[in-house]
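S.K.: I'd like to ask you about the structure that follows.
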Amino acid sequence: ISGCWIYGNTVTGNNRQGGGIGGGERVDSIISNCVISGNTASNRGGGIAMGRSCSPTISDCTITGNFATGGGGLSFMLSDVIVSGCTISDNISSFLGAGLYDEDSTISISGCTISNNATEYALGLAAGVYVFDSVLYISQSIICENTTPEGPLQISEVDYYAFESCIQDDCTVFCSTPTGACCVGGTCIVTTESDCTAAGGTYGSDDVACADAGCPATCAGDANADGTVDVLDLLKVIDGWGTCP
């Protein structure tokens with residue numbers, strides 16, 4: 001399913017799921033570049049719900065303004081799930097996982113923003129991502145301002161693995177990877193620790209400037225290791241004038 005707008009659909013009745021898209025069991029679906037909005041399910045998965053033993057891949061989709069009892073945006077069970085490059089926002093569920101609800105699965109979330117989803121009732125269950133008995137991997141994603149009546153709650157209290165991601169209650173706080181001085185190739189650059197390591201450099205600490213990093217001098221007279229011999233090197237020598245320890 002690609003390049004579609006799926007809007008304003010409703011399923012009702014006991015155990016009905018998947019207001020926008022509902023998958024059966026053992027379905028290997030690919031959903032990409034879609035807008036899935038304003039759909040309702042009386043049970044779970046207002047936007048998308050998959051049955052057991054599925055392997056869905058959902059990429060570059062906007063999933064917003066959907067409603068279900070559980071999993072207002074997305075819902076999965078006993079599946080291997082990949083969600084990448086998606087915006088999952090402003091979905092509502094009655095009790096849990098307004099953004100995403102998952103049971104007994106392995107799920108990978110990468111390059112996504114999951115924000116401003118909300119549960120209607122207070123059960124202490126996460127509004128952003130609720131997973132139960134699952135393995136959850138999160139990379140390069142932002143999860144913020146998902147709320148319950150008891151207050152913000154981004155991810156349910158389970159073990160999960162997060163890499164280069166920002167998970168916090170306030171979306172207005174800028175999420176960024178810290179940078180610092182990196183001594184590499186006979187010079188000093190300001191970059192992230194991961195990029196410095198990948199370049200074969202030596203990373204100091206976050207928020208440390210090159211002038212304070214103590215990188216080895218690249219040539220005679222380059223006291224501050226910035227790759228240039230100039231008045232700044234002279235000032236550094238004068239600043240350290242005196243007897244060495």
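The values are calculated or read from the model by the stated rules, or taken from the named source; none is laboratory data. Quantities reported herein were computed from a predicted structural model and do not represent experimental measurements. Reconstructed Cβ throughout: ideal geometry from the backbone, glycine too, with neighbour counts over all protein chains shown. These accessible areas exclude ligands, DNA and RNA; they are computed on the full protein's heavy atoms, side chains included. Shrake-Rupley method; radii C 1.70, N 1.55, O 1.52, S 1.80 Å.
S.K.: Considering each residue of the range 52-63, count those that are touching a strand residue (DSSP E or B) at 6+ places or on another chain (Cβ under 6 Å), in a loop (DSSP other than H, G, I, E, B) and open to solvent by 10 Å² or more (accessible area, probe 1.4 Å), and give that number.
M.R.: Of the residues in that region, 3 qualify.
S.K.: Go through the range 117-133 residue by residue and tally those that are under 14 Å from Leu100 (Cα atoms), of a type in the set (Gly, Ala, Ser) and open to solvent by 20 Å² or more (accessible area, probe 1.4 Å). Can you show your working first?
M.R.: First pass over the range 117-133, keeping only residues under 14 Å from Leu100 (Cα atoms): 117-119, 125-132.
Narrowing further to those that are of a type in the set (Gly, Ala, Ser): 118, 126-128.
Keeping just the survivors that are open to solvent by 20 Å² or more (accessible area, probe 1.4 Å) gives 118.
So the answer is 1.
S.K.: Scan the range 37-46 and give yes if some residue there is over 24 Å from the mean Cα position of the chain (by Cα), open to solvent by less than 10 Å² (accessible area, probe 1.4 Å) and of a type in the set (A, V, I, L, M, F, W, C), otherwise no.
M.R.: Yes, the conditions are met somewhere in the range 37-46.
S.K.: Right, next: Residues that are over 26 Å from Ser42 (Cβ atoms) and outside any strand (DSSP E or B): does the range 134-142 have at least one?
M.R.: yes
S.K.: List the number of the failed condition for Ser29; all other conditions in (1) within 18 Å of Leu136 (Cβ to Cβ); (2) open to solvent by less than 30 Å² (accessible area, probe 1.4 Å) hold.
M.R.: Evaluating Ser29 over (1) within 18 Å of Leu136 (Cβ to Cβ); (2) open to solvent by less than 30 Å² (accessible area, probe 1.4 Å) leaves (1) as the failure.
S.K.: OK, next. Just need a number here: residues in the range 64-85 that are under 20 Å from Gly24 (Cβ atoms) and assigned to a strand (DSSP E or B). Explain how you work it out, then say what you get.
M.R.: Going residue by residue through the range 64-85, those that are under 20 Å from Gly24 (Cβ atoms) are 66, 68-71, 73-83.
Checking which are assigned to a strand (DSSP E or B) leaves us with 68-70, 74-77, 80-83.
Here the count works out to 11.
S.K.: Quick one: which of Ser79, Ser53, Ser59, Ser93 is of a type in the set (S, T, N, Q) and under 15 Å from Ile21 (Cα atoms)? First the steps, then the outcome.
M.R.: Details: Ser79 fails: under 15 Å from Ile21 (Cα atoms); Ser53 fails: under 15 Å from Ile21 (Cα atoms); Ser93 fails: under 15 Å from Ile21 (Cα atoms).
When all the criteria are applied, what remains is Ser59.
S.K.: A follow-up question, please. Keeping to the range 140-152, report how many residues are modelled with pLDDT under 90 and within 15 Å of the chain's Cα centre (by Cα).
M.R.: Total meeting the criteria: 1.
S.K.: Picking from Gly3, Gly19, which residue would you name as being open to solvent by less than 50 Å² (accessible area, probe 1.4 Å) and touching a residue at least 24 places away in the same chain (Cβ under 8 Å)?
M.R.: Checking each option against the conditions leaves just Gly19.
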